[in-house]
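Chemist: I'd like to ask some things about the structure below.
The values are calculated or read from the model by the stated rules, or taken from the named source; none is laboratory data. It should be emphasised that the depicted structure is a prediction, and the values quoted were computed from it without experimental measurement. Virtual Cβ from ideal backbone geometry, glycine too; neighbours counted across all protein chains shown.
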Amino acid sequence: EGLTRRQYGYGSVDEYYAAASSDQRLPQIRTPLLLLNAYDDPIVPGFSLPAAVERARQNPYLLMVITSHGGHLGWCERSDAIPWGAPAWIERVTCGFLEAALDLTPSATCDQLGCEIFD
């Protein structure tokens, strides 16, 4: 608090985080965007996401996915079926999203990607 807040002229830590938060910019996005977050993310925990979730629901260009596990930039996986060096879950989901956003023939179904579609 003592350094960042004062250095950039904010009156409080809450004021700084409100200005720095990306969720307030979500309504202006006009390009398809996949937002991935893990509920157990120690940097951006799931309980801090209600405003972002609501804004994402209101913008047809956004698809917000919140998984229960994944950490911060994680989503690691390991099994005998997927040797090291094979695309990770996050890579498969991202490629599937890009194919759909670019209206390409999908290479995988949601079941193959290990995700679910929520309404």
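Chemist: Say we look at segment 19-51 and pick out the residues that are β-branched (Val, Ile, Thr) and surrounded by 13 or more Cβ atoms within 10 Å (Cβ to Cβ); which of these is farthest from Cys95 (Cα to Cα)?
Modeler: That would be Val44.
Residues are listed down the side, and each one gets a yes or a no for (1) modelled with pLDDT under 80; (2) charged (D, E, K, R); (3) closer than 28 Å to Arg5 by Cβ:
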residue: Ala19; (1), (2), (3): no, no, yes
residue: Ser22; (1), (2), (3): no, no, yes
residue: Thr31; (1), (2), (3): no, no, no
residue: Asn37; (1), (2), (3): no, no, yes
residue: Ala86; (1), (2), (3): yes, no, no
residue: Gly96; (1), (2), (3): no, no, no
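Chemist: Let me ask something else. Please go through segment 61-84 and pick out each residue that is more than 29 Å from Pro27 (Cα to Cα) and either at pLDDT 80 or above or surrounded by 11 or more Cβ atoms within 10 Å (Cβ to Cβ) (or both).
Modeler: Cys76, Glu77, Ile82
Chemist: Right, next: (1) buried (at least 17 other Cβ atoms within 10 Å of the Cβ); (2) hydroxyl-bearing (Ser, Thr, Tyr); (3) within 30 Å of Asp103 (Cβ to Cβ): which one isn't true of Tyr16, the others all being true?
Modeler: So the condition that Tyr16 fails would be (3).
Chemist: May I ask you to list the residues in segment 6-47 that are touching an Asp or Glu at 6+ places or on another chain (Cβ under 9 Å), in a helix (DSSP H, G or I) and of a type in the set (Gly, Ala, Ser)?
Modeler: Gly46, the sole residue that qualifies.
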